[in-house]
Amino acid sequence: MTTIWTTLGIARTGDRSAIRRAYAARLKETNPEDDPEGFKALREAYEMALRQAGRHAPPTEVRVVSREGTVAELEAEPEPPAEKEQSAPVPDPDMLKIAESLKTMGRTHSLVESGNVLQVAREHLEILLRRDSESDDQARLEALRLLLQLPDLERIDTRNATEVWLLRLLCARIPQSDALIGIARRYFDWNDDTIEHRRRGDDAALKNRLIEREKDLAFLRRISQPGSEHYRAFRVLSRPPTQDTWRTRLLPEAKLSEVRALLVRINVNRPQVENELNPQTVALWEARLARPGLAGIHLWMAILAAPCLAVLILAFWLADKIPSDLGQSAGPLLVLAASVPVVWTVVRSGAILAYIWPRKAWKRYADTRPIPLFGFMGAGGVVILFALSTLPPSPILGTLVIALALVTIWWSLVTEELEESSGNWTWHVRLVFAGGVALLWWLVGLRSPMESETKTMLSIAFTAGVLFVGCGRCRALRAWASLKPRGRAAIFMGLIAACAAGSAGLWLSTDSVSPAAFCLVALALLFHQWTFPFGKAWPMSAIGRTGFYVVAAVFLKWSSDGAGVAIAATALTVWLGSTWFVRSGRAA
Amino acid sequence: MIIGIDLGTTNSAVAVWRDGKAELIPNSLGHMLTPSAVGIDDTGELLVGLAARERQSTHPHLTATAFKRYMGTARKTRLGKTEYTPEQLSAMVLGRLKADAEAYLGEPVTEAVITVPAYFSDKQRKATRRAGELAGLKVERLVNEPTAAALAYGIHNLADESRFLVFDLGGGTFDVSILEIFEGVIEVRASTGDNRLGGEDFNELLVSAMRHRFEKELKSKPDEWDALHQVLRASAERARRLLSTEGSASMDIVWKGKAYSHTFTAQDFDGLAAALIERLKEPVLRALRDSDIRPSDLSEIVLVGGATRMPVVRRTVTRMFDRFPSHAVNPDEAVALGAAVQAGLKSRDAALREIAVTDVCPYSLGVDVAERRPDGGLTAGLFSPIIERNIVVPVSRQRVFSTMHDGQEVVHFGIYQGESRHVSDNILLSEISIPVPPRPAGHIAVECRFTYDINGLIEVDVHVPITGERRELVIVDEDGPKGDDLERQRAALAALKVHPRELDANRAAMARANRCYEDFLGDKRALVGQWIGQFESILEGQDPRQIDHARTELMKALDSLEGESFL
């Protein structure tokens, strides 16, 4: 059996010089030139043997150590090796400066007289760092600069000893030494951008600690700048917790999402920074973020929702009572505008409030049973909604439809499928969105001079579209998703072309844009938003928005009234903004 | 017979191991050093060495110097009508050295050991090897310059157990090596360096100071930049050498019939050089760190390379180690002598039986990897070293990696050389891919084995144990010409009409005189013109003895005019 010792040709030993002799003797035969494989084995055996012999220095080194002193001794002894060459530099201006500074601190040190500048400078810095006051930063910087300028440091021995000393000192005195890390790092070239693979022991850990500390400080500096995105969250988190009142809820200093973003960033990138924040506040905020609670914005919406609802009801009422032009044109638009915050509020706060328990229950259920059923139930609500919308309008029916829509939206929220890794809510938001559009359509239809057949057609088309989009996990869409991008693009283009052709045809035949064509365009838009074929680079939300401006334009042509145009455009914008808000709020 | 060649940035030298010792081979001028300069004479003949260098400032478009700095790059230099790559120019110098050796040894020479800076990258080494082949030399071995210098130094100090540091600041590169000698083993413990730092950079300091001083007067058109730069550089080199011995030196140039002069004191120069001096420190510290040796353990600091003659460099070294560096070796000749020792080792010379040399790989070699961050994202493009720098070569090292994605079907390795944690800052050498069976992330292990052989050849072997799939790759010379092309280039170089060797001395003297003529104005110029006329008439007489005498006289006269000539 070959062991490292048979390779070296000696008996097992801990004697380094015997190992070296054996290696040297074998090397003459096992030349790296002629026998590379043999050499590799020999070298490996040699290195292994040396490692086993322990990390004792060979005799020559021991002698040297006793002469020069180790790093530890350097720290203890008042005589660094540099003293030998610095025989009599007493009138050194740096030295005088340090001596002056030491004296003002009430410390007369025998070293000042000894003429050993480096030792004095080191002593000086240590004293400065031992004091807690922050106002000493300038003095500390000055002291370190003086120390690093000393000619003694050109000597590698001294430089290395000073480097180790400084590493330990800076690490031990971290809050006080903050300002000094940058200079020391640049001077000694500590950086984590190169691979350092030789054994560096504790020094490497200390170096890393300082480098990380410097980065933490830079991060802290950045987030405490008033212009920074995390500024408000940082201000809140670094203060002791304030009492949670209605006032602070309504006018919070930092938004929930801001605090969450900052905490996530700290946890992921700079865990040490958390020590700089107020631990109590952080704990409270973490608890608050852990439960889907109400943020200030929800309360605002709830407060606004009440008058909006009143306006909504008033609009229904007025629409019947006042036969004036105002009632004719503004009625549906008022309805439209007022219903936006209502829908939004219910989606945001109502659903979240009534969300925790049903969702837990659903989760429990979903773990044991196939899930799609629940998705279909959400879609089913939408179907019923559309079926109702074909009936002749009446206030009771309107209320019923609204209630049903809200339930549907709530249900879809509860049964949503949140993809674990990416936090992707799009499918579900799309369903809510579709439901909302349907609802609006129906409300608009209340006052529009539409034929009953057209309305039915419209409703059926929408139902189909929403079903298609809403049950996103059904086979058809999966097949669609499995298509190659080129195929998807082709189908999509075909669809758009068909819509355009259909619209043009209807335009020519009926001299008004048919709602059917319009709904086809809307359907295409909804559909393509879900799986847009041209890759992710395309700004999807922009397309969605553009699509709805198109919808708005068609709608406006149809309503043919100046004031209506303006109000409807505003309403649509608000609507779109709110859906965007739902989405971005979720993503955070 | 294998010769040892020191192919330097400024000067080159050739030596041979004979009768138990290394000896330098003089060139046709009797000098041990041959300037690494190549030029085209007015007659279209190829000039190499001193004659070419003397024409640098008078014929900038027909002369190339310091081309070693561009070794391994595609940069071409135009000489007359043809463009040459750095390796072609180096091949011309090598060809001349080969001819010198053949003349001296009286036998054909076909094999050589060539030195390269330790910190030369893989590409730069391959280019050097190619240059040797172009010159018709079989390159038996590329030796690191500091290792060669250490061989020249250590061969006489084999008895003691010692460690020493070789500080090699040449014309274009800077190397630091730490070596240990024990029991007849010369072991390189660490090599570091900076392959873009050398005497030329110090010249550039003076050049830019001069340009700054005469900003308005020396404003020139872009097509004249090169010519002006060559004039300034030649003058800066002269001034810098003078500053090594004198307290001040003046830099004199003549540009467009006008003389410009500025005197630099040694202090001025030290001030200018501070930033470059700072760059000398880092490699020294790294070598000490990597070899795990303290400065106090070193028995000697050996200075090699012409640029270490600068007092500011010597002073820095003295301060760093708190002692005076060794004068045991001639900084200009040590590398060539060491190359000859290596040649002797290679040819199994009896006198070198009891010596073994081991060298290291001066840079880390590894592959790129991705890492999963705590937040679940991937950080790609990180460097994972497999062969770490300063490991004794030849060496094989293996590392096991695993797949990163579920169902991953292929593992791709980029092979890099460098020290940065991000591969984007390292040098991409090659790439290799291997298919793996699709499994969950982390379930497939891929073994990656690197082998670095004594000639610096890198082999990569990737193996998937679960399927037995294996891919091997030898990092070959991708840029260089292959087969026929190499043969064609060699033929083209051989076809160049070379200035006759025996007339070199006269050509160099003439070139120097012509340069002096342009360097001076007024009376001095007239005087030099007169001398040139006399020398030319004697050359026409074709009496060798008379010519030799006249040449010596001319050189003396020129020495008195501008100070001694230097190499």
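Since every read-out is calculated from the coordinates, none of them should be taken as a lab result. None of these values were measured; they are calculated from a predicted model. Every residue, glycine among them, receives a Cβ derived from its backbone with ideal geometry; neighbour counts consider all protein chains shown.
Starting from the Cα of A:Thr3, step 7 Å along the direction of its Cβ; do the same at B:Lys21; then give the gap between the two resulting points in nm.
It is 4.8 nm.
Among the listed pairs B:Lys68/B:Lys497; B:Lys81/B:Lys123; B:Lys98/B:Lys138; B:Lys76/B:Lys258; B:Lys81/B:Lys219; B:Lys21/B:Lys138, give every one whose C-alpha distance is greater than 20 Å. Present the calculation step by step, with values, prior to reporting the outcome.
Values: B:Lys68/B:Lys497 23 Å; B:Lys81/B:Lys123 27 Å; B:Lys98/B:Lys138 11 Å; B:Lys76/B:Lys258 32 Å; B:Lys81/B:Lys219 27 Å; B:Lys21/B:Lys138 22 Å.
Over 20 Å Cα-Cα: B:Lys68/B:Lys497; B:Lys81/B:Lys123; B:Lys76/B:Lys258; B:Lys81/B:Lys219; B:Lys21/B:Lys138.
Using the Karplus curve 6.51 cos²θ - 1.76 cosθ + 1.60 with θ = phi - 60°, work out ³J(HN,Hα) for each residue of the range B:16-31 in order, rounded to whole Hz, and write x for Gly and Pro.
Per-residue couplings from phi come out as 9, 8, 9, 6, x, 8, 8, 9, 7, 9, x, 8, 5, 8, x, 8 Hz.
At q = 0.12, 0.25 Å⁻¹, what log₁₀ I(q)/I(0) does the range A:227-290 have when each alpha carbon counts as one equal point scatterer in the Debye sum?
Relative scattering, expressed as log10 I(q)/I(0), comes to -0.26, -1.19.
Taking the Cα of A:Asp137, stepping 7 Å toward and past its beta carbon, and measuring to each backbone N in the range A:225-246: which are under 12 Å?
Those under the cut-off are none; the list is empty.
Shielding of A:22-31 by partners, i.e. mean partner chain Cβ atoms within 10 Å per residue?
Mean number of neighbouring Cβ atoms from other chains: 4.
Taking chain B as the reference, fit the longest principal axis to its C-alpha atoms, fit the long axis of helix B:523-541 to the helix C-alpha atoms, and give the angle between the two in degrees, 0 to 90, nearest 10.
Rounded to the nearest ten degrees, it is 90.
To the nearest 0.05, how large is the calculated FRET efficiency for B:Glu371 and B:Gln546 if R₀ is 60 Å and r is the Cβ-Cβ distance?
So, using R0 = 60 Å, E works out to roughly 0.15.
Starting from the Cα-Cα distance between B:Asn157 and B:Asp292, subtract it from 0.36 nm times their residue separation and give me the gain in nm to one decimal.
Full extension of this stretch gives 46.4 nm more.
Identify the residues of the range A:1-33 with backbone N under 11 Å of a label point that sits 7 angstrom from the Cα of A:Gln52 along the Cα-to-Cβ direction, or state none.
Answer for the range A:1-33: A:3-15.
Fewest Cβ neighbours within 10 Å first, please rank B:His59, B:His156, B:His422 accordingly. Intermediate values should be presented prior to the final figure.
Working: B:His59 22, B:His156 10, B:His422 16.
Lowest to highest Cβ neighbour count: B:His156, B:His422, B:His59.
Only Cα pairs under 8 Å and at least 6 apart count here; give the relative contact order of the range A:4-56 as a rounded whole percent.
So the answer I get is 46 percent.
Tilt of helix B:504-519 relative to the longest C-alpha principal axis of chain B, in degrees (0 to 90, nearest 10)?
Roughly 80 degrees, rounded to the nearest 10.
Can you give me the relative contact order of the range B:300-427 as a percent, contacts being Cα pairs under 8 Å and 6 or more apart?
Answer for the range B:300-427 is 20 percent.
For the residues B:Trp17, A:Trp5, what sequence is obtained by ranking on other C-beta atoms within 10 Å, fewest first?
Ranking B:Trp17, A:Trp5 by Cβ neighbours within 10 Å, fewest first, gives A:Trp5, B:Trp17.
Which translational diffusion coefficient, to the nearest whole µm²/s, is obtained for chain B from the Stokes-Einstein equation, given a Kirkwood hydrodynamic radius over C-alpha pairs, 37 °C and 0.692 mPa s? The partial results should precede the final answer.
On the way: Rh = 25.6 Å.
Answer, rounded: 128 µm²/s.
Show me the ranking of peptides B:537-544, B:18-25, B:33-40 by mean Cβ neighbours inside 10 Å, starting with the highest.
Details: B:537-544: 11.6, B:18-25: 16.1, B:33-40: 26.1.
With the highest mean Cβ count within 10 Å placed first, the list reads B:33-40, B:18-25, B:537-544.
Could you derive backbone 3J(HN,Hα) for the range A:14-28 from the dihedral phi with the Karplus parameters 6.51, -1.76 and 1.60 (θ = phi - 60°), listing whole Hz in sequence and x where the residue is Gly or Pro?
Computed from phi, the couplings for the range A:14-28 are x, 8, 4, 6, 5, 5, 4, 4, 4, 4, 4, 5, 5, 4, 5 Hz.
If you count, for each residue, the other Cβ atoms within 10 Å and average over each peptide, how do B:269-282, B:496-509 line up from highest to lowest?
The peptides rank, most packed first, as B:496-509, B:269-282.
Using Cα centres only, tell me the gap between the range B:309-350 and the range B:39-101 in whole Å.
Between the Cα centre of the range B:309-350 and that of the range B:39-101, the gap is 27 Å.
For a Förster distance of 30 Å, can you work out the FRET efficiency between the beta-carbons of B:Gln534 and B:Asp226, rounded to the nearest 0.05?
So the FRET efficiency works out to roughly 0.35.
Whole-Å semi-axes of the range B:363-467's equivalent ellipsoid, largest first, each the root of 5 times a Cα gyration tensor eigenvalue?
Working: eigenvalues 118, 58, 21 Å².
They are 24, 17, 10 Å, listed largest first.
Over the alpha carbons of the range B:105-230, what is the largest minus smallest coordinate on each principal axis, giving the biggest first in Å?
Computed over the Cα atoms, the extents are 63, 37, 30 Å.
From other protein chains only, count the Cβ atoms within 10 Å of every residue's Cβ in B:292-298, then give the mean.
Rounded to a whole number, the mean comes out at 6.
Determine, for B:Asp226, B:Asp332, the number of other Cβ atoms within 10 Å of each Cβ, and report the residues in order from fewest to most.
Ranking B:Asp226, B:Asp332 by Cβ neighbours within 10 Å, fewest first, gives B:Asp226, B:Asp332.
Report the FRET efficiency, 1/(1 + (r/R0)^6), for A:Asn275 and B:Asp406, where r is their Cβ-Cβ distance and R0 is 35 Å, rounded to 0.05.
After rounding to 0.05, the efficiency reads 0.40.
Determine ³J(HN,Hα), in whole Hz, for all residues of the range B:49-56 in sequence, where each value follows from phi through the Karplus function 6.51 cos²θ - 1.76 cosθ + 1.60 and θ = phi - 60°; x replaces Gly and Pro.
For the range B:49-56, the Karplus-derived couplings read x, 4, 4, 5, 5, 5, 8, 4 Hz, x marking Gly and Pro.
Treat each spin label as a single point 7 Å out from the Cα along the C-beta direction, and report the A:Ile183 to A:Glu214 distance in nm.
Taking the two extended label points, one gets 1.3 nm.
If contacts are Cα pairs under 8 angstrom and at least 6 residues apart, what is the relative contact order of the range B:363-467 in percent?
Working: 234 pairs, mean separation 28.9, N = 105.
Relative contact order comes out at 28 percent.
Within the range B:247-275, which residues have the backbone N less than 18 Å from the label spot 7 Å out from B:Arg525 along Cα→beta-carbon, could you tell me?
B:252-262, by backbone N distance to the label point.
Residues with amide H under 5 Å of B:Glu469's amide H, sequence separation 5 or more or different chain, H placed in the peptide plane at 1.01 Å from N; which?
So B:Glu469 has HN proximity to B:Val464.
Using only the alpha-carbon atoms, how far is helix B:484-495 inclined from the longest principal axis of chain B? Give it as 0 to 90 degrees, nearest 10.
Result, in degrees: 10.
What is the average number of partner chain Cβ atoms found within 10 Å of a Cβ in B:393-404?
Average per residue, whole number: 2.
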